[in-house]
Amino acid sequence: MSIFEILMLVCFGAAWPFSIARSYRSRATGGKSLPFLYIVLVGYVAGILHKIFYSYDLVIFLYGLNGLMVATDIGLYYRNRRLEHQARTD
């Protein structure tokens with residue numbers, strides 16, 4: 001278990017609640033990049049797989065938590081895109 005890996009995941013993870021809150025409140029997709037979100041999610045999944053196959057330790061939970069937050073932001077992106085589409089058609 002590396003303190004630097006933990007610090008990196010905590011720092012990255014600290015940003016996601018703010019992004020999620022902004023997505024939820026704004027109800028808009030502006031400023032979001034869906035490809036970027038998927039790339040980050042794939043990175044966290046890769047980190048989880050590395051921990052499972054090569055270096056299992058409790059840091060895997062930080063990867064999982066961060067991945068869950070990114071997945072939440074992706075879900076909100078799709079919700080907001082639907083809301084924007086509905087607003088345009090009304």
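Which one is farthest from the chain's Cα centre (by Cα), of the residues in the range 25-66 that are closer than 16 Å to residue 78 by Cβ and among the charged types (D, E, K, R)?
Selected residue: 27.
From the residues in the range 16-38 that are loosely packed, with under 12 Cβ neighbours inside 10 Å and either at pLDDT below 95 or among the β-branched types (Val, Ile, Thr) (or both), which one is nearest to residue 82 (Cα to Cα)?
30
Check off (1) among the charged types (D, E, K, R); (2) touching a residue at least 24 places away in the same chain (Cβ under 8 Å); (3) surrounded by 13 or more Cβ atoms within 10 Å (Cβ to Cβ) for residue 57 and give me the number that stays unchecked.
Unmet condition: (3).
Every residue in the range 24-77 that is among the charged types (D, E, K, R) and over 19 Å from residue 3 (Cβ atoms), please.
Correct list: 25, 27, 32, 73.
So if I check each of 82, 88, which one is of a type in the set (Lys, Arg), surrounded by fewer than 15 Cβ atoms within 10 Å (Cβ to Cβ) and modelled with pLDDT under 95?
Only one candidate passes the filter, namely 88.
The values are calculated or read from the model by the stated rules, or taken from the named source; none is laboratory data. This is a predicted model, so every value here is computed, not measured. Cβ atoms come from the backbone with ideal geometry, glycine included; neighbour counts cover every protein chain shown.
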